[in-house]
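The values are calculated or read from the model by the stated rules, or taken from the named source; none is laboratory data. Since we're looking at a predicted model, the values are computed, not measured. Methodologically, a virtual Cβ is constructed for each residue, glycine included, from the backbone with ideal geometry; neighbour enumeration extends over all protein chains shown.
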Amino acid sequence: MNSLVSRSDWESYAKKLNIRGQAFIDGEYINAASNNTFACISPIDGRLLANVASCDLADANHAVLSARTVFNSGVWSQLAPAERKKIIILFAELIKKNGNELALLETLDMGKPIRYSKEVDVNSSARAIQWSGEAVDKIYDELAPTPHNEIGMITREPIGVIAAIVPWNFPMLMACWKLGPALASGNSVILKPSEKSPLSAIRLAQLAMDAGIPKGVLNVLPGFGHTVGKALALHMDIDTLVFTGSTRIAKQLMIDAGKSNMKRVWVEAGGKSPNIVFADAPNLDDAADSAASAIAFNQGEVCTAGSRLLVEASIKNAFIEKVVTALKGWQPGHPLDPDTQVGAIIDQQQFDTVLEYIKKGTASGANIVCGGSQVMEQSGGLFIEPTVFDNVDNTMSIAREEIFGPVLSVITFDTIEEAIAIANDTNYGLASAVWTSNISKAHKTAKALKTGMVWINHYNGGDMTCPFGGYKQSGNGRDKSLHAFEKYTEFKATWIRL
Ligand code: NAD
Ligand code: MN
């Protein structure tokens, strides 16, 4: 499988794939209790990939019982961290070893280019799991500064049963950001992938088992949000719900937690991230290349997409020209062609939403500088060219709402204060970027931005070593880094009188 160098190599591999669509509960692949399935259709060309188990409350109950039983048994939750570490690292190695298959599943299922499924999704997923495994036997508890005759122990314990509900834009990676610290900490997990991209999660379950993760510790329930997702959100025996997805559903999950057992809810939600380019940016060509990839990478289906480009008025025209030139390198192509940079939009619904926003942009008075249309229609797939809007006002819906597609809004400013005000005038607070060669201006702006992540002279940087997440309605808590473990452990204070 190392000779996958052309589109036809990947196509013939796809023909040989045995795609599994069952749920994974208590260590076994099984149908939904109802026997219901839904069709998993590829946005590349409309091909049917699999009929996937459509889980609901009965399956949620089954999985929670299995997860709770194994948690209480201690076979995983009380295993020494160094032992859990070995198994988690083996899980990461199996992800790498099966990387071609996982990458192909991801590309077929959600339409992203195969090169990024391999370079980004598979590699970063394996790294997320491995890093979490490596970390877990290096995290120490604390002792409080107590009087001499007393001891205050501050310890962290695995919480119990965790539900992880994840989106479709980076299906496996978003799952692994949760699975890494959740499993490494000793919890049992129920993973619910998006109904739009269930295949890689279903495959991961087998790899986790093969690595030695005991049955019941990882369950995968494919299905819809309003059925199995809702059942998990309202479940009385799930301790913590971790979520990546839209702000609308994040709010609903908080309500459902409040209506049920007050399970802890951690959400990574949407964004409308400002990418601020000052006239004194160190290199405007680099800034323009970055602005192009910030909106076109992953078809713009990125929570941190640099969807609001704030440009200093004096350089606007020249800068837009550079961005448009850079976007020529980001035109859609066949996702299984290893040279393709931009793939298909996930499904018809999202495709229609993106085109609808393009219409709204024009109707509200902004003007299209490039793109704006469907392309490659004859392929039977869902492709939209990267689109740039000029003359956008920050009050327009294309500047306020998350489009989750390759649509860039260009807004101008004259002063640093104005740039900061526009950048922060949003319900979201996930990420932002600042381009300037003035170090004081860079820091002053970065400090003023109400976002969980700020990039300076760069876009989308980061690694497992740095936390990921947002302010405001972009969410709470953080994925990645040691801070992620805070969501998967309960805090205990034990006070001892000697
Ligand atoms: P979504 O909110 O529609 O769905 C996310 C998940 O929630 C899916 O698994 C879905 O089935 C489930 N769900 C839907 N309704 C539910 C309900 N009532 N109860 C329980 N579960 C329910 O989001 P999406 O369209 O899959 O993903 C796109 C969104 O994800 C964007 O808003 C994007 O910004 C966000 N996202 C955020 C991050 C981040 O880290 N901040 C990363 C990636 C994506
Ligand atoms: Mn799909």
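Those strands (runs of 3 or more DSSP E) of region 8-103 in which at least 1 residues are buried (at least 19 other Cβ atoms within 10 Å of the Cβ), considering only elements entirely within it, cover 23-25, 37-41, 48-53.
Using the structure shown, decide if residue 35 is over 24 Å from residue 115 (Cβ atoms) and among the polar types (S, T, N, Q). Spelling it out, residue 35 is indeed over 24 Å from residue 115 (Cβ atoms) and among the polar types (S, T, N, Q). All but one of (1) near ligand 1 (Cβ under 10 Å from one of its atoms); (2) buried (at least 22 other Cβ atoms within 10 Å of the Cβ) hold for residue 172; state the number of the condition that does not hold. Going through the list (1) near ligand 1 (Cβ under 10 Å from one of its atoms); (2) buried (at least 22 other Cβ atoms within 10 Å of the Cβ), residue 172 breaks only (1).
Residues of region 66-119 that are closer than 30 Å to residue 159 by Cβ and among the aromatic types (Phe, Trp, Tyr): 71, 76, 91. Evaluate region 269-283: report whether one residue or more is assigned to a loop (DSSP other than H, G, I, E, B), more than 30 Å from residue 410 (Cβ to Cβ) and at pLDDT 95 or above. No: region 269-283 contains no residue that is assigned to a loop (DSSP other than H, G, I, E, B), more than 30 Å from residue 410 (Cβ to Cβ) and at pLDDT 95 or above. Tell me yes or no: at least one residue of region 125-141 is within 14 Å of ligand 1 (Cβ to nearest atom) and either touching a residue at least 12 places away in the same chain (Cβ under 8 Å) or on the phi > 0 side of the Ramachandran plot (or both). Taking every residue of region 125-141 in turn, at least one turns out to be within 14 Å of ligand 1 (Cβ to nearest atom) and either touching a residue at least 12 places away in the same chain (Cβ under 8 Å) or on the phi > 0 side of the Ramachandran plot (or both).
On the stretch given as region 42-85, residues that are within 16 Å of ligand 1 (Cβ to nearest atom) and over 14 Å from residue 162 (Cα atoms) total 8.
Quick grid of which residues meet (1) surrounded by fewer than 24 Cβ atoms within 10 Å (Cβ to Cβ); (2) assigned to a strand (DSSP E or B):
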| position | (1), (2) |
| --- | --- |
| 117 | no, no |
| 125 | no, no |
| 135 | yes, no |
| 147 | yes, no |
| 152 | yes, yes |
| 182 | no, no |
| 189 | no, yes |
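Taken together, the criteria place residue 242 among residues that are more than 16 Å from ligand 2 (Cβ to nearest atom), under 22 Å from the mean Cα position of the chain (by Cα), part of a strand (DSSP E or B) and crowded, with 24+ Cβ neighbours inside 10 Å. Every condition in (1) assigned to a loop (DSSP other than H, G, I, E, B); (2) touching a residue at least 12 places away in the same chain (Cβ under 8 Å) is met by residue 291 except one, and the failing one is (1).
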